[in-house]
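Since the structure comes first, as structure tokens, the remarks are kept for the end.
The values are calculated or read from the model by the stated rules, or taken from the named source; none is laboratory data. Since the structure is predicted, the reported quantities are computational estimates derived from the model, not experimental observations. Cβ sites come from the backbone with ideal geometry, for glycine too, and all protein chains shown count toward neighbours. We work out accessible area using only protein heavy atoms, side chains counted, and drop any ligands, DNA or RNA first. Shrake-Rupley method; radii C 1.70, N 1.55, O 1.52, S 1.80 Å.
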Amino acid sequence: MGRDLRSAQYLEALGLESWVLRRPAAPLAWAPSAPLPPPPPLPGRVPGSAADWRALADEVAACVRCRLHERRTQTVFGVGDPGAELLVIGEAPGADEDRQGEPFVGRSGQLLNSMLLAAGWPRARVYIANIIKCRPPDNRDPLPEEVRCCMPYLHRQIDLLGPRLMLAVGRVAAQTLLATDTPIGKLRGAVHHFGTRGTPLIVTYHPAYLLRSPREKRRAWDDLRFVRRELACRRAAAPGGSA
Ligand code: SF4
């Protein structure tokens with residue numbers, strides 16, 4: 001499949017096909033790209049071993065730190081490439097995730113996959129996790145106590161992964177990670193920093209929101225272009241790195 005056709009199909013999946021038709025011949029900075037080549041090793045990073053990841057996943061699977069364990073089908077630990085440079089973080093499992101044990105499945109997951117692929121990342125090339133590992137009943141927002149209990153697991157995932165950049169998906173993830181109640185619209189478009197390592201963090205809308213508000217897909221696409229540019233800059237700036 002040619003690159004232009006593939007790009008058009010990805011954008012169509014995002015509901016952005018009309019952009020292609022309006023600007024068919026321009027060198028489009030926002031045009032999706034072929035999947036990126038494997039990232040170079042991150043300088044100074046000591047990735048977690050498979051045993052480290054397994055031990056943490058087992059600990060989460062047995063966790064009863066908060067009452068969310070009472071109604072879960074299973075914990076939803078996270079999925080993806082343990083060497084990924086991009087960590088995507090959502091809020092908490094929904095019904096589909098609780099059933100399948102994997103974050104961002106169902107319609108939201110399909111849209112997220114399309115968005116990532118349009119930006120050059122097949123799902124398997126990033127790491128995806130949630131702040132909360134068990135499904136809150138009726139998909140309510142996580143309670144502060146649940147966040148307090150569960151966040152240490154995410155911190156340990158971040159330590160094992162050592163991502164070059166984090167993408168917070170949705171209001172709850174963004175506000176929790178940045179410890180703010182600033183509306184998501186005002187958090188977008190900037191590079192924030194997370195944790196003691198100061199890992200760069202960018203904010204975008206949740207795909208479930210985009211399914212309800214398709215006009216916002218254009219802004220989400222801007223966010224992914226921003227992520228792509230930032231990653232390229234940080235790759236180039238790393239010792240021995242290249243864009
Ligand atoms: S939500 Fe997190 S802290 Fe609560 S039981 Fe599940 S894994 Fe443990």
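With r as the distance between the Cβ atoms of Val79 and Glu216 and R0 = 35 Å, compute the FRET efficiency 1/(1 + (r/R0)^6) and round to 0.05. Please report the intermediate quantities before stating the final value.
On the way: r = 25 Å, r/R0 = 0.73.
Efficiency, from the Cβ-Cβ distance: 0.85.
For a test of the definition: using alpha carbon positions, the gyration tensor, and the 1.5 limit on a/c, classify region 174-220 as rounded, prolate or oblate.
Numbers: a/c = 2.55, a/b = 2.16, b/c = 1.18.
Judged from the Cα gyration tensor, region 174-220 comes out prolate (a/c at least 1.5, a/b above b/c).
What is the gain in length, in nm to one decimal, between Arg140 and Val64 on full extension, counting 0.36 nm per residue of separation less the C-alpha to C-alpha distance?
Gain on extension, Arg140 to Val64, equals 25.4 nm.
What is the mean projected area of the alpha carbon convex hull for region 52-206, to one decimal in square nanometres?
8.4 nm²
Using only Cα atoms, what is the ratio of the radius of gyration of region 138-181 to 2.2 N^0.38 Å?
Against the compact-globule rule of thumb, the ratio is 1.23.
Charges on Cβ only, +1 for Lys and Arg, -1 for Asp and Glu, centred on the Cα centroid of region 90-243; of Ile132, Leu111, Ile158, which one is farthest towards the dipole's positive end?
Leu111
Starting from the Cα gyration tensor of region 98-190, take the square roots of the eigenvalues, sort them a ≥ b ≥ c, and report rounded, prolate or oblate (rounded when a/c is under 1.5, otherwise prolate if a/b is larger than b/c, else oblate). Present the calculation step by step, with values, prior to reporting the outcome.
Numbers: a/c = 1.33, a/b = 1.19, b/c = 1.12.
Taking the square roots of the gyration eigenvalues as a ≥ b ≥ c, region 98-190 is rounded.
Rounded to the nearest 10 Å², what accessible area does Tyr209 show when all protein chains are kept and the probe is 1.4 Å?
70 Å²
With labels modelled as points extended 7 Å from the Cα through the Cβ direction, what inter-label distance (nm, one decimal) is found for Ala190 paired with Ala95?
Label-label distance for Ala190 and Ala95, simple model: 3.8 nm.
Can you bin region 127-243 into rounded, prolate or oblate? Criterion: square roots of the alpha carbon gyration tensor eigenvalues sorted a ≥ b ≥ c, rounded for a/c under 1.5, prolate for a/b above b/c, oblate for the rest.
Values: a/c = 2.11, a/b = 1.23, b/c = 1.72.
In terms of gyration-tensor shape, oblate.
In whole Hz, what ³J(HN,Hα) sequence does region 184-190 give by Karplus (6.51, -1.76, 1.60; θ = phi - 60°), x for Gly and Pro?
4, x, 8, 8, 5, x, 9
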